[in-house]
1. Only one of Ser36, Ser8 is within 12 Å of the chain's Cα centre (by Cα), of a type in the set (S, T, N, Q) and within 13 Å of Leu94 (Cβ to Cβ). Can you tell me which?
2. Any idea which of Glu71, Glu42 is among the acidic types (Asp, Glu) and more than 13 Å from the chain's Cα centre (by Cα)?
3. Being touching a helix residue (DSSP H, G or I) at 6+ places or on another chain (Cβ under 9 Å) and farther than 21 Å from Cys69 by Cα is the filter here, so list the residues in region 2-22 that pass it.
4. Of everything in region 69-84 that's touching a Lys or Arg at 6+ places or on another chain (Cβ under 8 Å) and more than 20 Å from Ser22 (Cβ to Cβ), which residue is surrounded by the most Cβ atoms within 10 Å (Cβ to Cβ)?
5. Do we find a residue being open to solvent by 80 Å² or more (accessible area, probe 1.4 Å) and over 20 Å from Ile26 (Cα atoms) anywhere in region 85-95?
6. Within region 21-76, can you find the residues that are β-branched (Val, Ile, Thr) and touching an Asp or Glu at 6+ places or on another chain (Cβ under 6 Å)?
Amino acid sequence: MTSQVRVSLPQHLRTLAHIERSEVVIEVEGPVTQRSILDALEAHYPTLKGTIREHDTLQRRPFLRFFACEEDLSHEPPDAPLPDSVAAGKEPFLIIGAIAGG
């Protein structure tokens, strides 16, 4: 099963991947999970490999967060199914750069 998933990227990742729009549509094979979305995104945009997840562990980089349907999914298991509205392309999977400061 293939799903068309909308992914919203922060500006610095769009610049690195030479993407002009804030949102891309990618095809995801099998269940729609954080891992399957990021695998498909890195396959389509190889320059993003290692920027969202660590090369070795594939863990989310500390200053990035994942959201969908107004929920922070950053600490959810990478193979947990995402909401049906994300898998159906109705809601985007958001990758957001964390904001820090004082």
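The values are calculated or read from the model by the stated rules, or taken from the named source; none is laboratory data. Remember, it's a predicted structure, so these values are computed and weren't measured experimentally. All Cβ positions, even for glycine, are placed from backbone atoms using ideal geometry, and neighbour counts span all protein chains on display. Calculation scope for accessible area: heavy atoms of the full protein, side chains included, ligands and nucleic acids excluded. Shrake-Rupley method; radii C 1.70, N 1.55, O 1.52, S 1.80 Å.
1. Result: Ser8 is the single residue among Ser36, Ser8 that is within 12 Å of the chain's Cα centre (by Cα), of a type in the set (S, T, N, Q) and within 13 Å of Leu94 (Cβ to Cβ).
2. Being among the acidic types (Asp, Glu) and more than 13 Å from the chain's Cα centre (by Cα) holds for just one of Glu71, Glu42, which is Glu71.
3. Leu13, Leu16, Ala17, His18, Ile19, Glu20
4. This residue is Pro78.
5. no
6. Thr33
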